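Asks: Pasting in a structure now, in structure tokens, and then I'll have a few things to ask.
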Amino acid sequence: MFVGQYDHSLDSKNRVVLPAPFRAYVSDRGYATRLGSCIGLWNAEGFAAVAEKWRQMRTDSEMSAATFRVLMNNVENVKLDGAGRITLPGSLLEGFENGAQVKVCGLYDRVEIWPAHAYLEEVSNQAATPEDLGRAVDDLGI
């Protein structure tokens, strides 16, 4: 499970350090694709579940063949290097700048990698109120 957020930077070779708690989940192979303003990263098992959902949506005619093709053709394999970094393909880096700060965030079944400025904008536009958080905790019974 992926949780937490970390500040890192994108180096001149399009590499970003994957936080230590996330490395074990993506140790052998990861799958990355663009998710709007960020990059989504899954381990092999997590991405297999996502791809199966996409395939089922295509089978059920909830998704066009063209959309399915674009989704699957824009997924990239990534692998950790010895320093715990992944190299992000240039095709996924629109809006990212070399040397710029990025937020690496856990989102349960995936990691999201955001340009720091876009993450701050996203969070400020969709901030949960203390009341919303309190209700969520109450609904969980904790």
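The values are calculated or read from the model by the stated rules, or taken from the named source; none is laboratory data. Note that this is a predicted model, so its numbers are computed, not measured. Backbone-built Cβ (ideal geometry, glycine too); neighbour counts: all protein chains shown.
Asks: State all residues of the range 102-142 that are acidic (Asp, Glu) and either at pLDDT below 80 or in a loop (DSSP other than H, G, I, E, B) (or both); if no residue qualifies, say none.
Replies: Within the range 102-142, Asp109, Asp132 meet the criteria.
Asks: Continuing with this model, one more query. Show the residue pairs meeting these rules: Cβ distance below 6 Å; 6+ apart or different chains; first residue within the range 1-15 and on the phi < 0 side of the Ramachandran plot and loosely packed, with under 11 Cβ neighbours inside 10 Å; second residue modelled with pLDDT under 95 and part of a loop (DSSP other than H, G, I, E, B).
Replies: Ser12/Asn98
Asks: Then there is this: In the range 82-106, which residue that is of a type in the set (A, V, I, L, M) and crowded, with 16+ Cβ neighbours inside 10 Å is nearest to the chain's Cα centre (by Cα)?
Replies: Filtering the range 82-106 for residues that are of a type in the set (A, V, I, L, M) and crowded, with 16+ Cβ neighbours inside 10 Å, the one nearest to the chain's Cα centre (by Cα) comes out as Val104.
Asks: Report, by residue number, each residue of the range 1-34 that is assigned to a strand (DSSP E or B), in contact with a strand residue (DSSP E or B) (Cβ under 7 Å, 6 or more places away or on another chain) and basic (Lys, Arg).
Replies: Listed by number, the list holds a single entry, Arg15.
Asks: Condition (residue is touching a strand residue (DSSP E or B) at 6+ places or on another chain (Cβ under 9 Å), over 21 Å from Arg29 (Cβ atoms) and of a type in the set (S, T, N, Q)) applied to the range 116-133: is it met by at least one residue?
Replies: So far as the range 116-133 goes, no, none of its residues is touching a strand residue (DSSP E or B) at 6+ places or on another chain (Cβ under 9 Å), over 21 Å from Arg29 (Cβ atoms) and of a type in the set (S, T, N, Q).
Asks: Run Gly36 past the list (1) surrounded by 12 or more Cβ atoms within 10 Å (Cβ to Cβ); (2) at positive phi and report the number of the one that doesn't hold.
Replies: For Gly36, the exception is condition (1).
Asks: Could you identify the single residue in Tyr6, Tyr31, Tyr25 that is under 28 Å from Val123 (Cβ atoms), of a type outside the set (Val, Ile, Thr) and touching a helix residue (DSSP H, G or I) at 6+ places or on another chain (Cβ under 7 Å)?
Replies: Only one candidate passes the filter, namely Tyr31.
Asks: Checking the structure you have, find out if any residue of the range 40-62 is within 20 Å of Ser9 (Cβ to Cβ), touching a residue at least 24 places away in the same chain (Cβ under 8 Å) and not in a loop (DSSP other than H, G, I, E, B).
Replies: yes
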